[in-house]
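The values are calculated or read from the model by the stated rules, or taken from the named source; none is laboratory data. Worth saying up front: this structure is predicted, and the values here are computed from it rather than measured. Positions of Cβ are backbone-derived with ideal geometry, glycine not excepted, and every protein chain shown enters the neighbour counts. Each accessible area value is taken on the protein alone, full model and side chains, heavy atoms only, with ligands, DNA and RNA left out. Shrake-Rupley method; radii C 1.70, N 1.55, O 1.52, S 1.80 Å.
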Amino acid sequence: SVTLLGLAQAVTSVALLVHLGRQATPGGFGMPLSYPRQAARDAVGIGEPVVAASEGDTAAFAEGPAVLSAVLGRTPHRLVNGTRTALWPAGGGSLIATEGAETAVRLYTRAGALRNQRLVEARPGEAGYLVASIAADAPLPIARSVEGRYAHGVSLLGYSVEGLLAPGGIVNWTIAWQVSEPGADPTASYHITNQLQDANDVRVAQADSGTLPTWGWAVGDRVVQTYTLAIPSEAGAGPYTMRVAFYTYPELQVQMALDTAGAPVGDSVVLGPLQ
């Protein structure tokens, strides 16, 4: 009968939901929202804003930020591409890190910035969510402090360089910057370029990326981004310097570097010589 058929369908649906809640289904149904919702509740309980670190920082183009943005809703939060970036909110906050955000977690860990860590487990076979507080007073994971200002309100804080600074070498480059004052265009997408130069100021390697979605910028926030650069074997010799510049994408409008009086002095800040 129709009644029995409806009952059978209801029982089947409940059984399917129970199964999906307990067992991963690669290539099939996605993770139930109950898990990221629990991670969001735990993070909000620690403190706001919530830094949501995953593979990507734009909800329209990547699943990780889309899910986290949905479960966080109107809770103050920032989307961060955890494959290259870590964010220290000005007054502290909390972190949700998904699988794929290992670089961000490594940067926080090197700085000793994560406190009250906990893992929100998912179904067997699926990675869960790391939730922790971000200590606002933790030192950044950089070796050298620097000064540099740009027209869109950003200041450089420092850098670290590891690896072989020589032709054929591989260099791990970490740059830290801060939103030091208002000035960014909230409709713009800001990118950063890191251009390694030889002793004759010839570019031998380059790494560019986005920064953070501009709607999430707040004065006092500190950002650390890391890159890998390969120096060609035929490149010129050092000592090497790094030219650091910011620009809008896709317009490619360079943000001028400023002196201490706020006057434009060029289109970049040159750091080094690197050691």
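Here are some notes:
- Top-ranked residue of the range 230-246 - restricted to ones that are of a type outside the set (Gly, Ala, Ser) and surrounded by fewer than 21 Cβ atoms within 10 Å (Cβ to Cβ), ranked as farthest from Val146 (Cα to Cα): Glu234
- The range 194-217 - residue that is of a type in the set (A, V, I, L, M) and modelled with pLDDT of 95 or more and, of those, most open to solvent (accessible area, probe 1.4 Å): Val202
Here is a yes/no grid of residues against (1) of a type in the set (Lys, Arg); (2) over 14 Å from the mean Cα position of the chain (by Cα):
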{"site": "Glu63", "(1), (2)": "no, yes"}
{"site": "Asn81", "(1), (2)": "no, no"}
{"site": "Thr85", "(1), (2)": "no, no"}
{"site": "Arg106", "(1), (2)": "yes, no"}
{"site": "Ala111", "(1), (2)": "no, yes"}
{"site": "Gln117", "(1), (2)": "no, yes"}
{"site": "Gly125", "(1), (2)": "no, yes"}
{"site": "Ser133", "(1), (2)": "no, yes"}
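- Scope the range 46-65; condition under 16 Å from Tyr35 (Cβ atoms) and surrounded by fewer than 16 Cβ atoms within 10 Å (Cβ to Cβ); matching residues: Glu63
- Some residue of the range 228-245 being under 16 Å from the mean Cα position of the chain (by Cα), not in a loop (DSSP other than H, G, I, E, B) and not charged (D, E, K, R): yes
- Residues located in the range 114-127, provided they are outside any strand (DSSP E or B) and either in contact with a Ser or Thr (Cβ under 9 Å, 6 or more places away or on another chain) or open to solvent by 40 Å² or more (accessible area, probe 1.4 Å) (or both): Glu121, Arg123, Pro124, Gly125, Glu126, Ala127
- Filtered residues of the range 20-45 (kept if surrounded by fewer than 12 Cβ atoms within 10 Å (Cβ to Cβ) and at pLDDT below 50): Arg22, Pro26, Gly27, Gly28
- Qualifying positions in the range 80-107 - open to solvent by 30 Å² or more (accessible area, probe 1.4 Å), in a loop (DSSP other than H, G, I, E, B) and within 15 Å of Ser54 (Cβ to Cβ): Thr83, Arg84, Glu99
- Criterion violated by Ser1 - all others in (1) modelled with pLDDT under 60; (2) within 17 Å of Glu126 (Cβ to Cβ); (3) not aliphatic (A, V, I, L, M) satisfied: (2)
- Any hit, the range 72-79, residues being open to solvent by less than 10 Å² (accessible area, probe 1.4 Å) and assigned to a loop (DSSP other than H, G, I, E, B): no
- Number of residues in the range 218-229 that are among the β-branched types (Val, Ile, Thr) and open to solvent by less than 50 Å² (accessible area, probe 1.4 Å) equals 3.
- Residues (without any contact (Cβ under 8 Å) to a residue 60 or more places away in the chain and basic (Lys, Arg)) located in the range 96-133: Arg106, Arg110, Arg115
- Filtered residues of the range 135-161 (kept if part of a loop (DSSP other than H, G, I, E, B) and surrounded by 15 or more Cβ atoms within 10 Å (Cβ to Cβ)): Ala135, Ala136, Ala138, Leu140, Pro141, Ile142, Ala151, His152, Gly153
- Verdict on Ser233 being more than 29 Å from Ala60 (Cβ to Cβ) and of a type in the set (Gly, Ala, Ser): yes
- Hits in the range 162-193 (condition: within 26 Å of Pro89 (Cβ to Cβ), outside any loop (DSSP other than H, G, I, E, B) and either open to solvent by 30 Å² or more (accessible area, probe 1.4 Å) or charged (D, E, K, R) (or both)): Asn172, Gln178, His191
- Of all residues in the range 55-75, those that are among the hydroxyl-bearing types (Ser, Thr, Tyr) have Cβ atoms under 6 Å from Cβ atoms of residues that are open to solvent by 40 Å² or more (accessible area, probe 1.4 Å) and at pLDDT below 90, 6 or more apart or on another chain, in Ser69/Ala59.
- In the range 248-275, residue nearest to Asn172 (Cα to Cα) [restricted to those that are assigned to a strand (DSSP E or B) and open to solvent by less than 30 Å² (accessible area, probe 1.4 Å)]: Leu271
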